[in-house]
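Undergrad: Below: one structure in structure tokens.
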Amino acid sequence: MKKQKKIIDKYDPIIYPRLLYCCKNCTLKDLRDRFTTRDGSEISDIWDPSSKTFTFYALDKKTKQWVILVCMGYKRKNTADYISDICHEAEHVKQSIFEDIGLPTTVDSQEADAYLVGWAAKCIYATFIKK
């Protein structure tokens, strides 16, 4: 079986003060080499090996910037599951950024919510389809 190529892509939402990293086929070691949790503890403290796709707050070891990290590395049987997972993680990205900047999610913020979820979904998808 061919080993999957490790991918770590960086995306900048421009108007929000957080970078998004989308990782595909990364091992725990790959993540630990580049990131820690925001309090400085090792990622293994929050890693759930049974989860193949997840989003969490992280700290880029090089830049010391707070970032949002989306990791994926699995094979699904149908396109609907891929779409569902990408949308699910995009919502986590939006919620994480809004929490960081103190912006509540309300009926009045629906347009900002939708744009940020759409942007995050495009980023996750762009990394996801890379071979």
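The values are calculated or read from the model by the stated rules, or taken from the named source; none is laboratory data. Keep in mind that this is a model prediction, so the values were computed, not measured. Neighbour counts run over all protein chains shown; Cβ positions are idealised from the backbone, glycine included. These area figures cover heavy atoms from the full protein model, side chains too; ligands, DNA and RNA do not enter into them. Shrake-Rupley method; radii C 1.70, N 1.55, O 1.52, S 1.80 Å.
Undergrad: Counting DSSP beta bridges with both partners in the chain, what percentage is antiparallel, nearest 5?
TA: Here the antiparallel bridges make up roughly 70 percent for the chain.
Undergrad: Next question. Please give the calculated 222 nm ellipticity per residue for the chain, where each DSSP H segment of at least 4 residues contributes -39500 (n - 2.57) and the sum is spread over every residue; nearest 500 deg cm²/dmol?
TA: Details: 3 runs with 49 residues, N = 131.
Here the helix-only value at 222 nm equals -12500 deg cm²/dmol.
Undergrad: In square angstrom, what is the accessible area per residue of the chain with a 1.4 angstrom probe?
TA: Counting only protein heavy atoms, the per-residue value for the chain is 61 Å².
Undergrad: Okay, moving on. Using +1 on the beta carbon of Lys and Arg, -1 on that of Asp and Glu, and nothing else charged, what's the dipole of the chain about the Cα centre, debye to 20?
TA: Computed charge dipole of the chain: roughly 1100 debye.
Undergrad: Another question about this same structure. Expressed as a whole percentage, what fraction of the accessible surface of the chain belongs to carbon and sulfur atoms when a 1.4 Å probe is rolled over the protein heavy atoms?
TA: Working: 4450 of 8030 Å².
Taking all protein chains in place, the chain shows 55 percent carbon and sulfur surface.
Undergrad: Would you kindly state how much longer the chain becomes between A126 and T63 on full extension, computed as 0.36 nm times their sequence separation minus their alpha carbon distance, in nm to one decimal?
TA: So the extension gain works out to 20.3 nm.
Undergrad: Shifting gears a bit: With the chain treated as a Gaussian network of Cα nodes joined by springs under 10 Å, which of G73, G40, G118 yields the largest mean-square fluctuation?
TA: G40
Undergrad: What is the distance, in nm, between label points placed 7 Å from the Cα along the Cα-to-Cβ direction at T105 and at I83?
TA: Here the modelled spin labels are 2.0 nm apart.
Undergrad: Name the residue, out of L69, L28, L19, whose mean-square fluctuation peaks in a Gaussian network model built on the chain with Cα pairs under 10 Å.
TA: L28
Undergrad: What number, in percent, do you get for the relative contact order of the chain if the mean sequence gap of Cα pairs under 8 Å and at least 6 apart is divided by its residue count?
TA: Details: 181 pairs, mean separation 32.2, N = 131.
Across the chain, relative contact order equals 25 percent.
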